[in-house]
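> Before we start, here is the structure in question, set down as structure tokens.
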Amino acid sequence: MEAATPTVGGGRSVLERSPLHRLPDQVLRWGLLVLSLLILILIAYFFGRLVGLSSSALSRFGPSYVFGNDWDVSRNIYHGAALVVGTLITSGIALVIGVPVAVASALYVTELCPRRARTPLSFLVDLLAAVPSVVYGLWGVFFLAPKLLGAEKWFANTFSFIPWIGGGASTATPTNYFIAGLVLAIMILPIVAAISREVLATVPSETKEAALALGATRWEMIRMSVLPYARPGITGAAMLGLGRALGETIAVVLLIGDAPTIGHHLFSQGYSLAAVIANEFGEATGIHQSALFAAGLVLFVLTLFVNIIARRFVTRGTRGSREAGAAAGVATAVVASENIP
């Protein structure tokens, strides 16, 4: 028996709707297409403007602008290797410290936390995003940096045999790469935790229940069923946090030390691309201003590169998520069989 075709007013089939009724769909489709193209045009416009405004500095210094280690305003010499290195170091520290804490908090809220406490804990973590960056910077300058200076000197002295990590107690300064990266880790924690929490919440309950039914412990269930399924989303969350850390300005200005040279160890002062723009743009003219626009261009390209790499990782992880889920089920079964006496 054939199924009846759905009809609308006048006895017409849904498939026979008039062009007027299909007009909202067409408007939505073309409207979204136009908005997408406008975003691409805006990005291209920003890139073109930055290239034009920084052309003087780039043509004068060439590749040495990125690879040279000499930023001297008094001599009109602008080589930004120290800025790039400072940006990458502080952002890397933020990822190393912030992402594990954010993922751990997301796992606790979604898998281990009592139901009544989930909403308050999630709200408290998300509340960190409402704190202005200047407040984080001032807190780091007046509270965190003095409190940790003794621990930094002890660490630098104890592990002085490790290249770049150590260096002796006398080398530690109150404002340095580590303090800036630590505060950035706190700043990226809310966004990474929020996205990771939403991704972990999408893991099918059947997958988790199957792992537990096969005899896996809760930790084994998380390790072999939850994390493989959520890995692409967690990677994307980490990359979004990295993008936030790369572009952060005020907190880094207050905490990195504003030294336009590459530091010799973790606890030395440095500079970043965003910090030098914020500090010097107000008084810059001529080639100096062009060099700051070039710093913005380098930061722009670096951020785009990070997003492209993140997209590639997320796509690859999504493509292999089904295989990971199947492998997780097999691994869980193996663990369960090993636990059976």
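The values are calculated or read from the model by the stated rules, or taken from the named source; none is laboratory data. Predicted model, so just to flag it, every value in this text is computed and none were measured. Every residue, glycine as well, gets a Cβ built from its backbone with ideal geometry; the counts of neighbours run over all protein chains shown. Accessible surface areas use protein heavy atoms only, side chains included; no ligands, DNA or RNA. Shrake-Rupley method; radii C 1.70, N 1.55, O 1.52, S 1.80 Å.
> Mind grabbing the base-10 log of I(q)/I(0) for the chain at q = 0.12, 0.13, 0.15, 0.16 Å⁻¹? Debye formula, identical points on the C-alpha positions, no solvent, two decimal places.
-1.01, -1.10, -1.24, -1.30
> Just grab the label-to-label distance for Leu138 and Leu124, each label 7 Å out from Cα along the Cβ direction, in nm (one decimal).
Taking the two extended label points, one gets 2.5 nm.
> Can you quote the Å³ per residue value for the convex hull of the Cα atoms in the range 103-258, rounded to an integer?
Considering the Cα atoms of the range 103-258, their hull volume per residue is 149 Å³.
> Still on this structure, please answer the following. Roughly how many Å² is the accessible area per residue of the range 248-288, as a whole number, for a 1.4 Å probe?
Normalised by residue count, the accessible surface of the range 248-288 is 38 Å².
> Taking only the alpha carbons of the range 22-90, what extent do you get along each of the three principal axes, in Å, biggest first?
65, 29, 18
> Given the whole protein assembly as supplied and a 1.4 Å probe, what does the accessible area of Thr261 come to in Å², nearest 10?
70 Å²
> Show the residues, 5+ positions off or on another chain, whose built amide H is closer than 5 Å to the amide H of Gly68.
For Gly68, the qualifying residues are Gly80, Ala81.
> Using only Cα atoms and rounding to the nearest 10 degrees, what angle (0 to 90) does helix 227-247 make with the longest principal axis of the chain?
That works out to roughly 30 degrees.
> Run the numbers for Leu212 and Ser55: contour at 0.36 nm per residue of separation, minus the present Cα-Cα distance, in nm.
Taking Leu212 through Ser55 to full extension adds about 50.4 nm, to one decimal.
> Count neighbours as other Cβ atoms within 10 Å of each site's Cβ, and list the chymotrypsin sites (Phe, Trp or Tyr not before Pro) in the range 125-156 that are DSSP loop with at most 16 such neighbours.
none
> Please give, to one decimal in nm, the separation of the simple spin-label points placed at Thr285 and Leu38, each 7 Å out from Cα toward the Cβ.
Inter-label distance under the simple model: 3.9 nm.
> I want to check the label-to-label distance for Leu23 and Arg311. Put each point 7 Å from Cα in the C-beta direction and report it in nm to one decimal.
Distance between label points: 3.5 nm.
> If I compute solvent accessible area with a 1.4 Å probe over the protein chains, what percent of it on the range 254-316 is carbon and sulfur?
63 percent
> What angle do you read, to the nearest 10 degrees and between 0 and 90, between the alpha-carbon axis of helix 115-127 and the longest principal axis of the chain?
Between helix and principal axis, roughly 40 degrees.
> On C-alpha positions alone, give me the angle between the axis of helix 177-201 and the longest principal axis of the chain, in degrees, nearest 10.
0 degrees
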